[in-house]
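The values are calculated or read from the model by the stated rules, or taken from the named source; none is laboratory data. Please read these numbers as outputs of a predicted model, since none were measured by experiment. Cβ: placed from backbone, ideal geometry, glycine included. Neighbour counts: every protein chain shown.
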Amino acid sequence: MRLNDSDFEERTSAFAPGEVGQILVAWIVLSLAISVSYLGGLFEGTGDAYGIAAAFIATATAFVFHEMGHKFVAMRLGYVAHFKVWAWGLALTLITAVVSQGTFMFGAPGAVYIAPAFAAGYHAYGRYSGGPRSEDRDNMLISAAGPGTNLAFGIFFLALLIFGPAAGFVQTVASYGFTLNVGLGAFNMLPIPPMDGYKIFKGSIPTALMIALPLWGMFLLLILG
């Protein structure tokens, strides 16, 4: 069967039709929810536009890159992986943030959904070349990509907090980025289903500890500091 242009795009593009839009919606909603206290002040002339911008940057590293880590590692291993928003999650994210004025938030606007592309003969992103697979190993690697990304950004923002400017926009971004990446990463590394940590600990305890211990240590530093 001859493929038309849309078929070719679907088979070669890293993103499904409409997927980028869903990622942007989830990112914007989560960023606005995190910066809800700043948003209220804007209407009164007391808001902090820098704070809102910092929230958007930090959320991109903590949430978007976390999910894209799952997506691209899954595709590298030969799976179909697409991000999809969760309507109820978007609503709960906004409602909990507004009601609590930013002190508590149910942040689950969407997630990456993965299917075994190799089983259907669909070579996603052109990376998978066939052969026997270990589902547990694949799940471990895909799961580790999310909190592993959070760990890398957490260390980066911690370095900015320590060695960067003492105040200003960079410090605000670093503070937001450290809090969000460490908080999300540490939570996801809990060894209970359906968290990433459960699949990682199940697949490789040494790998799980290499990711979990620094994140948990930085989270302890965060709550004690």
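In the stretch 163-205, the residue that is farthest from Leu151 (Cα to Cα) out of those that are of a type outside the set (A, V, I, L, M, F, W, C) and in a loop (DSSP other than H, G, I, E, B) is Gly168. Within the stretch 48-96, the residues that satisfy the criterion of being touching a strand residue (DSSP E or B) at 6+ places or on another chain (Cβ under 7 Å) and among the β-branched types (Val, Ile, Thr) are Val80, Val85. Being under 19 Å from Phe219 (Cβ atoms) and more than 16 Å from the chain's Cα centre (by Cα) is not true of Ala167.
Would you check if Thr93 is closer than 26 Å to Phe157 by Cα, at pLDDT below 90 and either touching a Phe, Trp or Tyr at 6+ places or on another chain (Cβ under 9 Å) or polar (S, T, N, Q) (or both)?
For Thr93, the condition - closer than 26 Å to Phe157 by Cα, at pLDDT below 90 and either touching a Phe, Trp or Tyr at 6+ places or on another chain (Cβ under 9 Å) or polar (S, T, N, Q) (or both) - is met.
Just one of the listed residues (Ser13, Ser37) is at pLDDT below 85, under 28 Å from Phe157 (Cα atoms) and either touching a Gly at 6+ places or on another chain (Cβ under 9 Å) or loosely packed, with under 14 Cβ neighbours inside 10 Å (or both), namely Ser37. Comparison of Ala212, Ala144, Ala152 shows that the only residue that is at pLDDT 90 or above, closer than 14 Å to Thr61 by Cβ, of a type in the set (A, V, I, L, M, F, W, C) and in a helix (DSSP H, G or I) is Ala152.
Say whether the condition of being at pLDDT below 90, of a type in the set (S, T, N, Q) and either part of a helix (DSSP H, G or I) or surrounded by 14 or more Cβ atoms within 10 Å (Cβ to Cβ) (or both) is met by at least one residue in the stretch 18-30. No, the stretch 18-30 contains no residue that is at pLDDT below 90, of a type in the set (S, T, N, Q) and either part of a helix (DSSP H, G or I) or surrounded by 14 or more Cβ atoms within 10 Å (Cβ to Cβ) (or both).
Output yes when any residue across the stretch 170-177 is aliphatic (A, V, I, L, M) and in contact (Cβ under 8 Å) with a residue 12 or more places away in the chain, and no when none is. Within the stretch 170-177 (the criterion being aliphatic (A, V, I, L, M) and in contact (Cβ under 8 Å) with a residue 12 or more places away in the chain), the answer is yes, since at least one residue qualifies.
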